[in-house]
Amino acid sequence: MLELTASHIDSLAPNAAAAKNGRGLVLKNKFVKLNVSEEGDLIFGECSGSGKSNYICSVDFVTPENPVSRCNCPSRQFPCKHALGLMYAYADGLTFEKATVPEDISSKREKAEKREETKAKRESGELPPAKPKKVNKTALKKKIAQQLEALDELEKIVVSLVRGGLGTANARTVKDLNDHAKRLGSSYLTGAENELRRLALLLEQDDRESGYTYAAEQLTLLNAFIKKGRSYLQTKQEDPELAPDSESTIEEWLGHAWQLAELKEAGRVSESVELLQLAFYTYRDEARKEFVDTGFWLQLGEGKIHRTVQYRPFKAVKYMKEEDSFFSVAQISELYRYPGGMNARVRFEGMIPRQANHADYDGIRSAAAASIPDAVKAVKNQLKDPLADRAPVVLLNAARVAQTENGTFALVDEAGNTLELGDVYRLPQPTTPLLSLVDPSLLENCAVLAMFEHQMDTGKLVAQPLTLIQGERIARLLY
């Protein structure tokens, strides 16, 4: 029997407006026909619209973790509001008449089954594997040569800024950096393109002290990339068939977009995983010219904190599904893991939600670090790598979150060790001041999800609280 909840449907919607419009269709009684298959894995129906003909829509749950929506409306959003409305109608308990699966959907199901059978046979060895794509060595060497030349030019810019001093930077400097960033993109160095553009944004900040402080860190980061990128590309130039480096982030820095098949081939896939989202936020990244939807998830049973990231270009934002907070446990058949250190990025193509239970909440406390010094040591080890994520997220157990004499907050573990809490540069909004507004009982014997950052101006390592967890209560401070 198909089970659908409003929160699950909300998570499938491409954006809040589509979800609202889908609900509106149900409230306005726009569905003139509602059907469900005998097996209960397909809902379909007709919805009246502005024209003479009804829209014919369906949602196929033959693969529960990855439902397929179909509709003959002209919308470029998937699911469209009609498919969403169909699901909301089912979740609301409206009457769905049992009916035979339409012939066109049966045909599409058969084709999908054949594709899956072929894939399974190839994986088991019954059929020979698909022919690998041939590497055009001439084209690849030409591309690498272009990347190396671009790295040399980038190095000249970095050295020039360091020698001249950031204080000499002006509007012309910013323009030159942005112009060069475009050339980096044309030379297949999109990762470096984004970071050079980020440097330009730092140099034109109104708050010069803060901008220049982090601009110095950005120059260090670019310098490290130039050295590591050049060494890696030179090795690859000698061996064009060398497999992508699946252990470090250098490929992404060089602009490589990992495909799921590549991650699977590299052994970076876990099966039958359950994730519980602990934090979610969206921010506007002017350097990338994209909105970035970011979620932090606890892998139940493993204790690892993973990160999901979705990039939505400004120009295409209305055509892409907007991620959102998720409060159920996501049951995932295959979890793909990107190269990286703490909080490595993960992706999954589909999931089945279930309600979080008592054991899941106990798992949060079990997964949290008991010792502040041990957690800080792990963070510092990551920060030693200049190309690693500069703002790792850690789950910690706290005996209490205490307010200090000067009005700031600190996390205290069972052994009495303390960790200063503060707002980090890389998050879109402050959360530490909110600690004075939450229920005081949440600040005792709790788990805290926090983002760490080495603050360049003070030289201190601080942590910004994202979420408080106590028992089955979860207070998300970031949104």
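SER11 meets all of the listed conditions (1) of a type in the set (Ser, Thr, Tyr); (2) in contact with an Asp or Glu (Cβ under 8 Å, 6 or more places away or on another chain); (3) open to solvent by 90 Å² or more (accessible area, probe 1.4 Å) but one, namely (3). Meeting the requirement of 1 or more residues that are at pLDDT 95 or above, the helices (runs of 4 or more DSSP H) wholly within the stretch 1-113 are 16-27, 81-91.
For LYS98, are the conditions met, namely being open to solvent by 80 Å² or more (accessible area, probe 1.4 Å), touching a residue at least 40 places away in the same chain (Cβ under 8 Å) and not assigned by TED's automatic domain parsing to the domain that holds PHE348? Against the criterion (open to solvent by 80 Å² or more (accessible area, probe 1.4 Å), touching a residue at least 40 places away in the same chain (Cβ under 8 Å) and not assigned by TED's automatic domain parsing to the domain that holds PHE348), LYS98 qualifies. Residues in the stretch 304-361 that are farther than 27 Å from ALA475 by Cα and β-branched (Val, Ile, Thr): VAL317 alone.
Comparison of GLY125, GLY167 shows that the only residue that is at positive phi and out of contact with any Cys (no Cβ under 7 Å at 6 or more places or on another chain) is GLY125. Taking the criterion of being over 14 Å from the mean Cα position of the chain (by Cα) and aliphatic (A, V, I, L, M), the residues of the stretch 321-341 that qualify are VAL329, ALA330, ILE332.
If the condition is being open to solvent by less than 10 Å² (accessible area, probe 1.4 Å) and not in a loop (DSSP other than H, G, I, E, B), then the stretch 286-299 contributes VAL292, ASP293, THR294, GLY295, PHE296, LEU298. Every condition in (1) surrounded by fewer than 16 Cβ atoms within 10 Å (Cβ to Cβ); (2) over 19 Å from the mean Cα position of the chain (by Cα); (3) outside any strand (DSSP E or B); (4) not aromatic (Phe, Trp, Tyr) holds for SER272 except the one numbered (3). For the stretch 138-193, a tally of residues being open to solvent by less than 70 Å² (accessible area, probe 1.4 Å), free of Cβ contacts under 8 Å to residues at least 60 places away in the same chain and not in a helix (DSSP H, G or I) returns 3. Of the candidates LEU161, LEU189, LEU203, the single residue that is among the aliphatic types (A, V, I, L, M), assigned by TED's automatic domain parsing to the domain that holds PHE225 and within 30 Å of ALA139 (Cβ to Cβ) is LEU189. Filter the stretch 458-467 down to residues that are under 21 Å from the mean Cα position of the chain (by Cα) and surrounded by fewer than 23 Cβ atoms within 10 Å (Cβ to Cβ), then give me how many there are. Residues that pass the stated criteria total 1.
Suppose the filter is open to solvent by 80 Å² or more (accessible area, probe 1.4 Å) and either at pLDDT below 90 or not in a helix (DSSP H, G or I) (or both); does LYS134 pass it? Considered against the rule, which asks whether it is open to solvent by 80 Å² or more (accessible area, probe 1.4 Å) and either at pLDDT below 90 or not in a helix (DSSP H, G or I) (or both), LYS134 comes out as yes.
Each row is one residue, and each column tells you yes or no for (1) crowded, with 18+ Cβ neighbours inside 10 Å; (2) of a type in the set (A, V, I, L, M, F, W, C); (3) part of a strand (DSSP E or B).
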{"residue": "ARG307", "(1), (2), (3)": "yes, no, yes"}
{"residue": "VAL317", "(1), (2), (3)": "no, yes, no"}
{"residue": "ALA330", "(1), (2), (3)": "yes, yes, yes"}
{"residue": "LEU335", "(1), (2), (3)": "yes, yes, yes"}
{"residue": "VAL346", "(1), (2), (3)": "yes, yes, yes"}
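Criterion applied to ALA83, ALA112 was being surrounded by fewer than 17 Cβ atoms within 10 Å (Cβ to Cβ) and either aliphatic (A, V, I, L, M) or touching a Gly at 6+ places or on another chain (Cβ under 6 Å) (or both), and the one residue passing it is ALA112. Looking at the stretch 203-215 only, could you name the residues that are in contact (Cβ under 8 Å) with a residue 40 or more places away in the chain and surrounded by fewer than 16 Cβ atoms within 10 Å (Cβ to Cβ)? Passing the criteria: GLU209, SER210. Residues in the stretch 226-269 that are of a type in the set (Lys, Arg) and either in contact with a Gly (Cβ under 8 Å, 6 or more places away or on another chain) or in a loop (DSSP other than H, G, I, E, B) (or both): how many? So the answer is 1. Of the strands (runs of 3 or more DSSP E) that lie entirely inside the stretch 371-464, those containing 1 or more residues that are under 28 Å from GLU252 (Cβ atoms), modelled with pLDDT of 95 or more and out of contact with any helix residue (DSSP H, G or I) (no Cβ under 7 Å at 6 or more places or on another chain) span 393-403, 444-454.
Applying the condition of being surrounded by fewer than 20 Cβ atoms within 10 Å (Cβ to Cβ) and of a type in the set (D, E, K, R) to the stretch 437-457 and asking which residue is nearest to ILE372 (Cα to Cα) yields GLU444.
Of note, SER69 satisfies the criterion of being in the same structural domain as ALA99 (by TED's automatic domain parsing), closer than 26 Å to ARG354 by Cβ and open to solvent by 10 Å² or more (accessible area, probe 1.4 Å).
Counting the residues of the stretch 87-115 that are in contact with an Asp or Glu (Cβ under 8 Å, 6 or more places away or on another chain) and among the polar types (S, T, N, Q) gives 1.
The values are calculated or read from the model by the stated rules, or taken from the named source; none is laboratory data. These figures come from a predicted structure and were not determined experimentally. Positions of Cβ are generated from backbone atoms using ideal geometry, with glycine treated the same way; all protein chains shown enter the neighbour counts. All accessible areas refer to the heavy atoms of the entire protein, side chains included, with ligands and DNA or RNA removed. Shrake-Rupley method; radii C 1.70, N 1.55, O 1.52, S 1.80 Å.
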